[in-house]
Amino acid sequence: MATQSGKTTGTLDAIIIGAGFSGLYQLICLRDRLGLNVQVLETGSAVGGTWYWNRYPGARCDVESYAYCYTFSPELTEEWEWSERYPDDAELRRYLDFVADRFDLKRNIQFNTRVTSAWYDEAANTWTVKTEAGESFTAKYLIAAVGCLSTANVPRIAGLESFAGHWYHTGEWPHDGVDFTGKRVGMIGTGSTGIQAAPVIAETASHLTVFQRTANYSIPARNAALSEEYKRFYKERAPEIRKTTRETPNGYPFKPNPKSALEVTPEEREAAYEEAWARGGMQFRATFRDIVLHKEANETAAAFIRHKIAQVVKDPKKAAILLDIDHAYGAKRPPIDNGYFECFNRDNVSLVDIKAAPIERIISSGIRTADAEYPLDIIVFATGFDAMTGPLLRMDIRGRDGLRLADAWEAGPTTYLGLQVAGFPNLFTMTGPGSPSVLCVMPVAIEQHGEWIASCIDYMRKNDIARIEAKPEAAEKWVEHVNEAANETLLVTAKHSWYLGANIPGKPRVFMPYAGGMPRYRQKCDEVAAAGYEGFVLSR
Ligand code: NA7
């Protein structure tokens, strides 16, 4: 067993990596409910996780504020006041900071601390975590609460280093913002992020050029300030909302229409889509139960959205590029927007189809594609993340016999319930690959994980169990089930989605999140626990 050098502190009960939604809740579960000695290590200088880093213009959650929050504390629900239908990044940081103060969490969080490695010592049955600054921490349990979308993907485009202007990735945005006034801005990427950023950048930039590789659907978010009446309404309904978020497959506060899109008349269908379009937001996907399940049903929604895009975008050339969508609606994460398609009607916004004429290189004055050069002062990479596995694999994690996580996952991530990896005892991954994670409203998934992990550790302590480790055969079976669940949906039909790791060159193409729905997943986790942690090896 190799050892690491560096300063070592006394053995802790648990180390949590990350102080976002998941790390904070795990700290509450382990410290306040089990009385453990816990240390949280966080790269950022404050709490927030995803929302600490994603400060790009227009950054906003795509889930309604009253549903994108913790539900474990009725007092917290009562005390916190959301201001808008969808919280922006700053409001989410304020919320998480409020939570951290409310529950006195900061005393157990060490900020400005990037974890570089985590090695398991079999003889001592401990994990030793090392930081960039050379510090070491040792604990019995290690919880990776590192988020799913926290490793920025800056594509390796030749010539970036020669660019004379400034460039930024949306997921690593400067804290003091970027002034676009009078600047020629190029933005690469039209996922949820690019779609949020474009209209805001266009307001101040002298010119915005959007480089689109894959056209995307988007539904109007219809964000607005919450009236006093709504604020009261959501608070009064909090228990009911909580119940619904635990019963619906994706953790949303609304239930899908039980009807198929194909069982109603064309007039009824059109009316339902119009109503959903006017209401805005993710609920559009729930207009009929089979939109993300059935190709023909999906096409009814897709055709409706395409028609709307064609109505909004005045320039036929831009409209044609925006309408060249190659996947089913919802097969990739469906964005919601605040004026995305409308922004292409501005004189200072142009659109470049880089599927037709790919980017060849970045030059000192801007971007060169196969057929033109675009002079730019600023390049914004809205190019997404090395999702789900990226944040784990950028740390050197080694389990039993020095097994590297990177080697264990060479052909793609294999986990049991998205919570544990065979060969890595006492390491828990929150919202890991193989769990509902990004297919569920995050705080809903996070509360389930935090509570399950805490109950598991509690069980171990009460039963004198020193070690818990997923059995390889249980993990293999789970991965098979994850694949089956994905194959029941249209999610696997989008060949270039980050759900499959397809956005990162060389990454194994494996469908990573669990698409079987949160209630089914929760039930499975509960059954596993009730059966004495079936599928895990427990040892003294
Ligand atoms: P996404 O959804 O991964 O979108 C990234 C966008 O960047 C997408 O349009 C990509 O095109 C484009 N992209 C990525 N790499 C390149 C290269 N090399 N060249 C050109 N274009 C590229 O990330 P987001 O940040 O928008 O959203 C992530 C999640 O955050 C979102 O799903 C929500 O859950 C919140 P592509 O489609 O791959 O052709």
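Specify the residue that is surrounded by the most Cβ atoms within 10 Å (Cβ to Cβ); the eligible residues are those in the stretch 192-208 that are more than 16 Å from the ligand (Cβ to nearest atom) and outside any strand (DSSP E or B). Among them, the one singled out is Ala202.
Against the definition (more than 21 Å from Ala261 (Cα to Cα), touching a Gly at 6+ places or on another chain (Cβ under 8 Å) and assigned by TED's automatic domain parsing to the domain that holds Thr193), how does Ile378 come out, yes or no? Outline the logic, then answer.
Working: more than 21 Å from Ala261 (Cα to Cα): yes; touching a Gly at 6+ places or on another chain (Cβ under 8 Å): yes; assigned by TED's automatic domain parsing to the domain that holds Thr193: yes.
When the stated conditions are applied, Ile378 passes them.
Counting the residues of the stretch 409-424 that are touching a residue at least 60 places away in the same chain (Cβ under 8 Å) and of a type in the set (Val, Ile, Thr) gives 2. Filtered by the rule that a residue be over 20 Å from Tyr66 (Cβ atoms) and open to solvent by less than 10 Å² (accessible area, probe 1.4 Å), the stretch 439-449 gives a lone residue, His449. Applying the condition of being open to solvent by 10 Å² or more (accessible area, probe 1.4 Å) and in a helix (DSSP H, G or I) to the stretch 289-303 and asking which residue is nearest to Leu490 (Cα to Cα) yields Lys295. When Trp167 is tested against (1) away from the ligand (no atom under 13 Å from the Cβ); (2) in a loop (DSSP other than H, G, I, E, B); (3) touching a residue at least 24 places away in the same chain (Cβ under 8 Å); (4) over 15 Å from Asn338 (Cβ atoms), exactly one condition is not met: (2). Among the residues making up the stretch 508-539, a single one is of a type in the set (A, V, I, L, M), outside any loop (DSSP other than H, G, I, E, B) and more than 24 Å from Arg461 (Cβ to Cβ): Met518. Looking across the stretch 91-107, the residues that are open to solvent by less than 20 Å² (accessible area, probe 1.4 Å) and either in contact (Cβ under 8 Å) with a residue 40 or more places away in the chain or among the charged types (D, E, K, R) (or both) come down to Glu91, Leu92, Leu96, Val99, Ala100, Leu105.
Scanning the stretch 378-398 for residues that are within 11 Å of the ligand (Cβ to nearest atom) and of a type in the set (S, T, N, Q) gives a single hit, Thr383. Residues of the stretch 170-191 that are open to solvent by 90 Å² or more (accessible area, probe 1.4 Å) and either without any contact (Cβ under 8 Å) to a residue 24 or more places away in the chain or within 11 Å of the ligand (Cβ to nearest atom) (or both): Asp176 alone.
Looking at the structure I just gave you, is Ser83 modelled with pLDDT of 95 or more, over 19 Å from the mean Cα position of the chain (by Cα), more than 16 Å from the ligand (Cβ to nearest atom) and under 23 Å from Phe254 (Cβ atoms)? Yes.
Kindly indicate whether any position in the stretch 115-131 is within 16 Å of the ligand (Cβ to nearest atom) and open to solvent by 10 Å² or more (accessible area, probe 1.4 Å). Full working, then the answer.
So in the stretch 115-131, the residues within 16 Å of the ligand (Cβ to nearest atom) come out as none.
Checked the stretch 115-131: no residue is within 16 Å of the ligand (Cβ to nearest atom) and open to solvent by 10 Å² or more (accessible area, probe 1.4 Å).
Within the stretch 44-70, which residues are part of a loop (DSSP other than H, G, I, E, B) and open to solvent by 40 Å² or more (accessible area, probe 1.4 Å)? Steps first, answer last, please.
At the first step, the residues of the stretch 44-70 found to be part of a loop (DSSP other than H, G, I, E, B) are 44-49, 54-59, 61-64, 68-70.
Once the filter is applied, which keeps residues that are part of a loop (DSSP other than H, G, I, E, B) and open to solvent by 40 Å² or more (accessible area, probe 1.4 Å), the stretch 44-70 yields Ser45, Arg55.
In the stretch 310-324, the residues that are touching a residue at least 60 places away in the same chain (Cβ under 8 Å) reach residues that are of a type in the set (S, T, N, Q) with C-beta atoms within less than 7 angstrom, at least six apart or across chains, in these pairs: Ile321/Gln212.
Residues in the stretch 132-153 that are surrounded by 15 or more Cβ atoms within 10 Å (Cβ to Cβ), assigned to a loop (DSSP other than H, G, I, E, B) and either within 16 Å of the ligand (Cβ to nearest atom) or more than 25 Å from the chain's Cα centre (by Cα) (or both): Val146, Gly147, Cys148, Leu149, Ser150, Thr151, Asn153. Pairs linking a residue in the stretch 350-362 that is in contact (Cβ under 8 Å) with a residue 12 or more places away in the chain and more than 13 Å from Val210 (Cα to Cα) to a residue that is in a strand (DSSP E or B) and more than 11 Å from the ligand (Cβ to nearest atom), with Cβ atoms under 6 Å and 6 or more positions apart or on different chains, are Glu360/Arg368; Arg361/Arg368.
Taking the criterion of being open to solvent by 60 Å² or more (accessible area, probe 1.4 Å), over 18 Å from Lys524 (Cα atoms) and part of a helix (DSSP H, G or I), the residues of the stretch 457-507 that qualify are Arg461, Lys462, Asn487, Thr493, Trp498.
Only residues that are touching a strand residue (DSSP E or B) at 6+ places or on another chain (Cβ under 8 Å), within 15 Å of the ligand (Cβ to nearest atom) and open to solvent by 30 Å² or more (accessible area, probe 1.4 Å): list them for the stretch 335-369, please. Scanning the stretch 335-369 gives Asn338, Asp353, Lys355, Pro358, Ile359, Glu360, Arg361, Arg368. Report whether or not Leu427 is buried (at least 23 other Cβ atoms within 10 Å of the Cβ), in contact (Cβ under 8 Å) with a residue 60 or more places away in the chain and in contact with a strand residue (DSSP E or B) (Cβ under 8 Å, 6 or more places away or on another chain). Yes; evaluated as a whole, the condition is true for this residue. Among the candidates Met395, Met388, the residue that is among the hydrophobic types (A, V, I, L, M, F, W, C) and open to solvent by 10 Å² or more (accessible area, probe 1.4 Å) is uniquely Met395.
The values are calculated or read from the model by the stated rules, or taken from the named source; none is laboratory data. Because the structure is a prediction, the values reported are computed rather than measured. A quick note on method: Cβ atoms are made from the backbone with ideal geometry, for glycine too, and the neighbour counts reach across all protein chains shown. Accessible surface areas use protein heavy atoms only, side chains included; no ligands, DNA or RNA. Shrake-Rupley method; radii C 1.70, N 1.55, O 1.52, S 1.80 Å.
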